[in-house]
Every structure is written in C-alpha cells, then in structure tokens.
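Below is one structure, written out as structure tokens, with a few remarks after it.
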C-alpha cells in the first residue's frame with residue numbers, strides 16, 4: 001500500500017479508497033473461442049446439470065431406503081463382516097495368501113503405499129510436457145492396470161460375499177457358527193424340544209425355541225457329537241461366544257446334558 | 001433498493017473487485033458441455049462439490065436426532081428412519097450421497113489424470129486433491145460405524161484389525177481410534193468426533209485451498 005496516489009481519498013480512516021470500481025462485466029469478445037463468464041452464463045448451465053443429477057439422486061434415495069441391520073451385537077459370531085463397497089478392493093487383497101499372514105505387510109502397506117504414493121507423486125513422476133494419454137503410455141498404462149485391478153478385486157469381494165451368504169442360508173440358520181464344533185445341521189422344523197429345554201429361557205434366546213439355532217448353533221442333533229459330560233462342561237464354562245454359568249444348579253445341568261446327549 | 005444496499009456495503013468494504021473476480025472468471029469453450037458435449041467430463045469436480053454440500057447439509061440435520069452413545073445410537077437412527085418426518089429421505093441422502101461423492105471424486109480424479117491436468121504448474125493442486133480423496137475415505141470409514149448396527153460394528157472391527165496389523169504405528173493408530181481395548185463406547189464417541197468435527201474441518205480447509213488454486217491458475221487448456 002506504499003505507492004498510493006497522493007490524492008487518494010479514503011473512506012473515513014479505513015484503507016478502502018473512496019474511488020469506486022464500476023461493477024460491470026468486461027467484454028468477452030477478446031477471448032479466444034466461445035469463452036463465457038462464470039456468472040451468470042456458465043453457472044446457470046452447471047445448475048441444470050446439478051438439478052438433473054439431484055433428481056437421479058433423489059429417485060435412488062426414495063426407491064432404496066438406506067439399510068439398517070440389527071443393533072450391534074459383539075456376540076453374534078454368525079455375522080459376516082463387509083466393509084463399505086469402496087474399501088472392498090483393499091479388503092479383498094488381504095484375503096489372498098500372498099498378502100496375508102507373514103505377507104500382510106505387503107497387503108496393508110507396500111502395495112497400497114506404492115499405489116497411492118505413486119498417485120500422489122504423479123506430477124513429479126510424469127514430468128513430460130505431453131498431456132495426451134496416448135503420448136504418455138507409461139502413466140496411462142499404469143493407471144489402466146490399476147483400474148482393472150481395483151474393479152476386479154471389488155467384483156471378487158462382492159462375488160465371494162454373496163456366495164458365502166447363500167451358502168450360509170442353505171446350510172441352516174446355524175451355519176455361521178464357523179469354527180464352533182457343534183455341527184451346522186439344518187434346522188428341523190418338526191423337531192420339538194423336551195420340557196427340560198423349554199424351561200431354559202436363557203438357552204432359548206440363542207439356540208432357539210426348539211434348538212433350531214439362531215445366534216448360537218443348532219443343537220437338535222448335538223448328542224451325535226458330544227456326550228453328556230462334554231455338554232455339561234460347555235454349559236458350565238461357556239464356549240466361543242457362549243457365556244459361562246448361565247445355569248447355576250449342577251443337578252439341573254446334569255439333567256439337561258443327559259437329555260441333550262440323547263439327541264442323535 | 002438492492003443496488004443501494006450493495007453500494008452502501010461496497011463504499012465501506014470495496015467488495016466489487018471480489019465480486020467481479022468471482023463472476024467474471026472466464027469458462028473456456030473446451031470445458032463447456034453446451035459447446036462440446038464430451039466436455040461433460042469436466043462436470044465431475046463441480047458435482048463432487050455439489051454432493052459434498054448435500055452431505056454437509058443432510059449431516060447437520062441428522063445430528064439433530066442422532067445420539068452418539070452405544071445405548072441410544074442404534075435406537076436414534078431407527079427412530080430417525082421410521083418415525084421422523086422425511087427422516088428416511090435425509091438419512092437416505094446422506095447414506096447414498098456418501099457413495100456418490102466417492103464415485104464423482106473418482107471420475108474427477110480420472111479426468112484430471114487422463115487429461116494430464118496435474119502437470120506443471122498444477123502439481124500442488126493435484127496433491128491437495130489427493131488429500132481430499134483421503135479425507136473423504138476417512139469420512140466414509142468413520143461414518144459407517146455411527147448407526148451402530150451389526151454391519152457397522154463388524155466392518156469397523158475388521159477395519160481396525162487391519163490397521164492393527166500395520167507394523168510399528170499400527171497398534172497406536174488402532175488405540176487412537178478405538179480409545180480402548182474393545183470396539184465400544186469410546187470408539188463410537190471418537191468416530192463421531194472424527195466424522196463430525198475433525199475431518200469436515202480438514203475437508204473445508206483443503207477444499208478452500210483447492211478452489212483458490214483453481215481460481216488463480218485457471219482451468220488447464222485444451223489437449
């Protein structure tokens with residue numbers, strides 16, 4: 001502000017000069033081609049594009065209400081976790097043996113690091129003056145390869161997840177028990193549990209009214225796998241996500257275990 | 001009347017240069033879909049911003065009902081979804097908008113990449129753009145937990161396990177995000193704070209830088 005006109009006048013004691021600049025648009029005839037001012041010419045068109053997008057967006061919103069599954073339950077071992085779709089490609093990569101276990105660093109740091117680091121540093125890696133994609137084959141080729149990889153991994157993750165999902169459904173409600181030893185036997189709807197079982201409301205919460213399974217595994221044929229002492233032990237001490245000490249009375253546990261061991 | 005009000009403010013604050021700068025920056029022919037339809041690829045940046053604005057607005061309305069604690073979070077989202085007038089639409093816009101913003105940003109990034117627009121002198125704007133990309137992914141990750149349903153809980157648990165497997169800093173990052181040994185009350189509070197305060201703050205700053213740089217450099221020329 002050192003070189004102000006000697007006879008500049010200011011608004012009061014402020015630094016704003018009293019001389020007004022006219023608020024008019026310059027002529028665009030000097031610009032090459034069909035340049036136009038941002039306001040209002042171009043912004044009007046941009047708003048039209050935005051309005052079309054907004055309509056599409058609202059149709060999507062109204063026709064597909066956003067999903068909400070059951071309240072988070074840390075004990076639900078049957079829930080197959082799935083990240084949001086735009087993380088699927090990273091998630092899928094970690095499932096492959098070459099990027100998991102001992103090699104997990106490759107999947108979590110090295111590959112994403114190189115990919116995103118390279119992308120971030122693209123202006124310094126691709127320094128040629130050419131801007132056409134065909135004139136910089138390395139940059140274009142790498143980007144296309146990365147795109148194919150990302151699309152493939154996303155597809156593979158989704159494919160695997162939906163395959164798992166249908167396998168789970170076919171394998172009975174208890175299918176998600178995963179590593180738990182109780183077999184994911186298909187639930188038998190005609191099976192009716194003994195009164196001994198029906199008295200145990202805390203068991204029914206997870207294993208179902210007729211032992212058909214739910215959050216916990218199906219127990220309708222548990223006797224085929226475990227004998228009475230083993231069952232009693234599971235009831236007493238819990239197993240996996242199953243809490244210990246749900247039944248306090250030892251005699252009651254013994255009776256129930258006896259009954260369950262008879263189910264084959 | 002309006003003119004008088006404008007003149008009154010202009011006399012005191014000299015806003016005309018700012019206003020002319022905003023209104024008069026020229027839009028070149030090669031980015032204008034009205035002249036070349038293929039120029040619609042230049043719309044993705046603007047659309048990303050448009051959806052970001054929708055995200056901010058719908059998010060502000062969501063916080064009017066959302067309660068960030070593990071007892072009430074799920075119930076408040078359920079109430080919002082099923083009981084509140086237009087709640088299902090506002091939540092739907094925020095939910096689907098989160099995906100759309102990633103899509104638009106992805107397309108915008110590809111446009112900039114394949115037109116070589118990141119080259120000198122626009123290197124810094126490319127870097128800021130990449131940072132915006134990461135902030136958006138962070139917003140997606142933290143926002144996913146907030147409904148506190150099974151999808152959210154288990155996805156976050158897996159995500160944090162992945163973070164934990166990173167050598168050296170992994171366990172610290174995980175501890176910073178979970179705020180304890182389990183994914184629980186502390187985690188939800190932290191994700192809420194990060195999603196609603198930290199990342200949007202960073203995002204606004206980066207967007208400001210992004211736009212100031214575009215304004216001072218102009219849109220890259222035709223290929």
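Calculation over all alpha carbon pairs of the range B:39-215 in 5 angstrom steps from 0 returns a P(r) of 1, 8, 15, 19, 17, 14, 12, 8, 4, 1, 0 percent. Between the helical axis of B:199-217 and the longest alpha-carbon principal axis of chain B there is an angle of about 20 degrees.
At full extension, residue A:70 and residue A:230 could sit 54.4 nm farther apart than now, given 0.36 nm per residue minus the alpha carbon distance. Computed from the C-beta positions of residue A:121 and residue B:75, the FRET efficiency with R₀ = 56 Å rounds to 0.75.
Relative to the longest principal axis of the Cα atoms of chain A, the long axis of helix A:250-261 lies at roughly 90 degrees. Other protein chain C-beta atoms within 10 Å of residue C-beta, averaged over B:167-173: 1. Helix A:228-237 and the longest principal axis of the C-alpha atoms of chain A enclose an angle of approximately 40°. Give the Debye-formula value of log10 I(q)/I(0) at each listed q (0.13, 0.21 Å⁻¹), with one equal scatterer per alpha carbon of the range B:158-223, two decimals each. The Debye formula, applied to the Cα set alone, gives -0.56, -0.86. For the peptide A:9-16, the mean number of other protein chain Cβ atoms found within 10 angstrom of a residue's Cβ is 2.
Of the peptides B:95-103, A:62-70, A:9-17, the ranking by mean beta-carbon count within 10 Å, highest at the top, reads B:95-103, A:62-70, A:9-17. Between residue A:18 and residue A:159, the distance separating the two model label sites (each 7 Å from Cα on the Cα→Cβ line) works out to 7.8 nm.
The numbers here are math on the coordinates, done by the rules we state, and not lab data. Given the structure is predicted, the values throughout are model-derived calculations rather than measurements. Heads up, the Cβs are rebuilt from the backbone with ideal geometry, glycines too, and the neighbour counts pull from every protein chain shown.
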